[in-house]
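Reading through the structure tokens given below for one structure.
Each value in this text was obtained by applying a stated rule to the coordinates, not by laboratory testing. Just so you know, these numbers come straight off a predicted model, no measurement behind them.
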């Protein structure tokens, strides 16, 4: 897995997501029996980590002014998170239907990632074009 350099805003977004995820967990009053305290779901932490990484990566994307490019830059971490979560499902899930779905998600999302990466490579040089100095100007003699 590649290392992602995060901006200060990205780090703040990661911490915010982790805090929100922690606060969103059901709180069991002391002394109350709970199925979560006996054996927590080992996949839950991996799901939350995938989501936190995705949100941090997406939050670190700065708008380029190009909708297509921004769409791709935001969707790449989104798709990678789907793959990471599907892999977690394959590691810990037992339902055959959900395991098949996870395998399909991995295949489909990886294919879409490759398509978006190809699009990005083909459009990297596309930036707002400056008109050449030789362009015709109405008051210019020919």
Find how much the distance from residue 41 to residue 101 grows on full extension, using 0.36 nm per residue of separation minus their present alpha carbon separation; answer in nm with one decimal. 19.6 nm
Using 0.36 nm per residue, how much length does the chain from residue 122 to residue 68 gain when fully extended, once their Cα-Cα distance is taken away? 18.2 nm
